[in-house]
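Rule-based calculations on the coordinates, nothing more; no lab input. Please read these numbers as outputs of a predicted model, since none were measured by experiment. Cβ sites come from the backbone with ideal geometry, for glycine too, and all protein chains shown count toward neighbours.
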Amino acid sequence: MPLRVESLVSRLSSRLSSLFLTPKATMPVAVGRSPSPSGERPAKKAKVEGVVADVAAAAAAAAAAAAPKAKGKSTDGPIPPSFPGLTTEEIVRRTEVEMALPIEIPRTYPYELNYRDKLVLAPMVRTGTLPTRLLSLYYGAGLVWSPEIVDKAIIGATRTVDPVTGVITYSKGQGPIFTTHPIEKPFLIFQIGSANPELAVEAAKVVEQDVAGVDLNCGCPKPFSTHSGMGAGLLSTPDLLLDILRALLRNINLPVSAKIRMLPEQEPTLLLAAKILRTGVSNLTVHCRTRSMRPNTVAMWDRLGDIVKLGARRNLPVICNGDGEGWANWDKIRSTTGATSVMLARSAEKNPSVFQPSGPECAIKVIIPQLLNIAEYTANPWGNTKFLLMQFKPSPAPISTLSKQERKEASEVMSRAKSAQDVVDKYGFELGQGKAFMDELEVRLKAHPEWNVWEARKVAEGEGVVVEAAVEEEEEASNGSTSEELDEEEAAANAAHPA
């Protein structure tokens, strides 16, 4: 703990102790009395003690904030190990045994998904709703993941289809749980949060007709997920994780995949990956951080190469997730990890056109008008639409001609907006263009049903049409928390009911 912070903590604790907790000899001795029927005095005491605790907590937080951040290192606490009692040598041996065994549940499907040679959209709480997915596909995302939907949230949901727009909504009478459109079906992976094989299958069957694949979330580190054994909690119960995948493989007629985080040590991570790859899954996505690493900690790309090699031995793709910035660092990720596909999260959250081979479009002049028209056409709830706007980062030069001050003002406009019309009035574009966007999206998807984004990038570079943002210091922070940093209660609500 830095000296100044340590001194502050000491002085605060001492002062508070003398004020509230330590009786002084000069003070009158309190006479015993019956407690108040209203219980107010105990509450008052609790309030005083609460103040002490709050200040102490604040001081501790200040100390933690002042401490240097570790890069690329895990800070995992008392998280149950995946393979307790096994030596490193035994784990390595078992990994090779797994790789020598045949696939458990080999499957073929009427529509086989291609997970290779793509930039794909990550499953993101609240951000990965229908407007973001459609925009991502429009600009070149090869596949898009839905936000994590907890199994019990979607089970029993009613499916309705808008006769005009074709939008499909799953709900239980308290707002949409999951919304999609037939145009994205060939590219849409539905991600399930589950800790029960039977419930996972039941949940997948609810949406099976409207998606192209099913993915098991094995990486969400939020307590709302892990305390129920879901998400990253499955990393500590690999047998259950594998049982859920096997159940999905046996009962769902769609490609099944999994998304995991790295374990603190490399050898157990490789054993877990080998076991998952053997089940019969069509793809494995690896977030190159551990369960307890924060989003601002550097992703450990250097550890992914060994997992990619395991996938290659099974002829299965492994997608890299973590710190992907689209074209800005895709070549470095591919050369470092060997992965041919990269999953984008925060970069796509800031500007979904990051997928475009020729470089991103101006967020203010192009993306926001498109987003608001899509949101209007698909009846996306305003609360979610505003959240999406708040995540957009105004584009720097040369993508945008706006000055820094104008970009700052644009962020303030999004923050103050109480409706889409407020934004329209400021920037003067038209609504009512959602159908035209959908028609153009359909044309684009038909023209490039399986395009190789890396080849498309080479073509764009050869034609001299690539426009990239200048490298500059990040001065204009996002107006809202990223999806990875939502508070736990909000994340829990959104995972169950992502508008």
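The C-beta contact set for segment 348-374 (first residue of a type in the set (Ser, Thr, Tyr), second residue not in a helix (DSSP H, G or I), distance under 7 angstrom, 6+ apart or interchain) comprises SER353/TYR139; SER353/PRO360; SER353/GLU361; SER358/VAL465; SER358/VAL466; SER358/VAL467.
Exactly one residue out of THR160, THR165, THR169 is in a strand (DSSP E or B) and out of contact with any Pro (no Cβ under 8 Å at 6 or more places or on another chain): that is THR160.
Of all the listed residues (LEU344, LEU316), the sole one being touching a residue at least 40 places away in the same chain (Cβ under 8 Å) and closer than 23 Å to LEU216 by Cβ is LEU344.
Among the residues of segment 258-278, count how many are surrounded by 24 or more Cβ atoms within 10 Å (Cβ to Cβ) and either in a loop (DSSP other than H, G, I, E, B) or among the acidic types (Asp, Glu) (or both). So the count comes out to 2.
Within segment 138-182, the residues that satisfy the criterion of being small (Gly, Ala, Ser) and surrounded by fewer than 19 Cβ atoms within 10 Å (Cβ to Cβ) are GLY156, GLY166, SER171, GLY173, GLY175. Answer yes if at least one residue in segment 221-235 is assigned to a strand (DSSP E or B) and either surrounded by fewer than 21 Cβ atoms within 10 Å (Cβ to Cβ) or hydrophobic (A, V, I, L, M, F, W, C) (or both), and no otherwise. There is no residue in segment 221-235 that is assigned to a strand (DSSP E or B) and either surrounded by fewer than 21 Cβ atoms within 10 Å (Cβ to Cβ) or hydrophobic (A, V, I, L, M, F, W, C) (or both).
Looking across segment 335-378 at every residue that is among the basic types (Lys, Arg) and within 21 Å of the chain's Cα centre (by Cα), the one that is nearest to GLN421 (Cα to Cα) is identified as LYS350.
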